[in-house]
Amino acid sequence: MKYLSLLFLSVILVGCSATRIQVDKEFWTKNKSDKIGIVITQRPKAGAYKVGSQGLLDMAINKAMASTLEKFLNTFNINDVNAIKDTFKIKLNAAGFTNVKFLESDLNYDSLADVKHAPKNMSGKDFKAFKDKYDLDYLIVISLSKYGTIRSYYGFIPLGAPSAYFQTNGMMINLSSNEYAWYREMKEDESIVKVDGDWDQEPDYPNLSKAIKSAITSSRKLLTDDFFNQTK
């Protein structure tokens, strides 16, 4: 039931936000003195995600069978994701934006005030306070949505090996209006990397670990390519 509630909530959140807004070409040619902040959201708990036709009893069995894997996933170091901030800063500097800085700590997205009835081109969270607090014009937010593994099931029967799963979303907020100046939501199939070789290698899961790191790298490339597409 907890899984179904989270799934229902994720459908609501996706339905209420834009899935893709590209950076306007004018952004790259207007005032290069704009002050831009970059932040990553707080890390979610890792999960061994399960998809497919499952009853409640099946879900309970599958969760119990994946308990050792989930324990490993929650000890996995995903600090490689911090490289995405460096990539954005380097590329923004190269594009002529010199007033770029990192926020001091990860963002607690859920703690932000909601914006009621926000249109699709505007954030459903209120970021306006960041303008004065950090002396910024724009804020780039890299949101860590889900990470771990994903595996298909029919009932309690797995339909293959688990794959690495690392899903992130990217957005840039105009802090004067709370509007999206960029929004890119990774789709599920864009977030998955298959494991090369045997995956079930307790306790360190080396092949699976390699696939997760590859998924992190892929997510960084997807978001940076999308953001800087207009500069090419």
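Of everything in region 199-212, what is open to solvent by less than 40 Å² (accessible area, probe 1.4 Å) and part of a helix (DSSP H, G or I)? Give them in sequence order. Walk me through how you get there before you give the answer.
Step one: list which residues in region 199-212 are open to solvent by less than 40 Å² (accessible area, probe 1.4 Å), which gives 205, 208-209, 211-212.
Selection gives L208, S209, A211, I212.
So, F127, is that one at pLDDT below 90 and hydrophobic (A, V, I, L, M, F, W, C) or not? Taking the combined requirement at face value, the residue does not satisfy it. When region 175-194 is filtered for residues that are among the polar types (S, T, N, Q) and under 15 Å from the mean Cα position of the chain (by Cα), only S191 remains.
A Cβ distance below 8 Å, combined with a sequence gap of six or more or placement on separate chains, defines the contacts here; from region 204-223, residues that are touching a residue at least 60 places away in the same chain (Cβ under 8 Å) reach residues that are crowded, with 22+ Cβ neighbours inside 10 Å and part of a helix (DSSP H, G or I) in the pairs S219/I84; R220/I84; L223/I84. Among the residues of region 33-80, the ones that are open to solvent by less than 80 Å² (accessible area, probe 1.4 Å), assigned to a loop (DSSP other than H, G, I, E, B) and over 22 Å from F127 (Cβ atoms) come to 7 in all. Residues in region 131-167 that are in a loop (DSSP other than H, G, I, E, B), under 12 Å from G52 (Cβ atoms), among the small types (G, A, S) and open to solvent by 20 Å² or more (accessible area, probe 1.4 Å): G160 alone.
Could you please let me know if F97 is part of a loop (DSSP other than H, G, I, E, B), open to solvent by less than 40 Å² (accessible area, probe 1.4 Å) and not aliphatic (A, V, I, L, M)? Against the criterion (part of a loop (DSSP other than H, G, I, E, B), open to solvent by less than 40 Å² (accessible area, probe 1.4 Å) and not aliphatic (A, V, I, L, M)), F97 qualifies. Exactly one residue among D106, D114 is farther than 28 Å from S152 by Cβ, under 16 Å from the mean Cα position of the chain (by Cα) and either surrounded by fewer than 16 Cβ atoms within 10 Å (Cβ to Cβ) or modelled with pLDDT of 90 or more (or both), and that residue is D106.
Within region 168-198, track down each residue that is assigned to a loop (DSSP other than H, G, I, E, B) and touching a residue at least 40 places away in the same chain (Cβ under 8 Å). Give the derivation first.
Quick first cut of region 168-198, residues assigned to a loop (DSSP other than H, G, I, E, B) only: 175-178, 186-187, 191, 194-198.
Answer for region 168-198, where residues must be assigned to a loop (DSSP other than H, G, I, E, B) and touching a residue at least 40 places away in the same chain (Cβ under 8 Å): L175, S176, S177, N178, M186, S191.
Taken together, K194, K232 contain a single residue that is surrounded by fewer than 19 Cβ atoms within 10 Å (Cβ to Cβ) and modelled with pLDDT of 95 or more, which is K194.
Quick test for you: out of V100, V23, pick the one residue that is at pLDDT 90 or above and in contact with a Leu (Cβ under 7 Å, 6 or more places away or on another chain).
Step by step, each of V100, V23 is checked, and only V100 is at pLDDT 90 or above and in contact with a Leu (Cβ under 7 Å, 6 or more places away or on another chain).
Are any residues in region 15-32 open to solvent by less than 70 Å² (accessible area, probe 1.4 Å), under 23 Å from the mean Cα position of the chain (by Cα) and not hydroxyl-bearing (S, T, Y), and if so, which ones? First the steps, then the outcome.
If we filter region 15-32 for residues that are open to solvent by less than 70 Å² (accessible area, probe 1.4 Å), which is where we start, we get 15, 17-18, 21, 23, 27-28, 32.
Adding the requirement that they be under 23 Å from the mean Cα position of the chain (by Cα) leaves 15, 17-18, 21, 23.
Within region 15-32, G15, A18, I21, V23 qualify.
The values are calculated or read from the model by the stated rules, or taken from the named source; none is laboratory data. For clarity, every value in this text was computed on a predicted model and none was experimentally measured. Note that we place each Cβ from the backbone using ideal geometry, even for glycine, and neighbour counts take in every protein chain shown. SASA here: full protein model, heavy atoms, side chains in, ligands and nucleic acids out. Shrake-Rupley method; radii C 1.70, N 1.55, O 1.52, S 1.80 Å.
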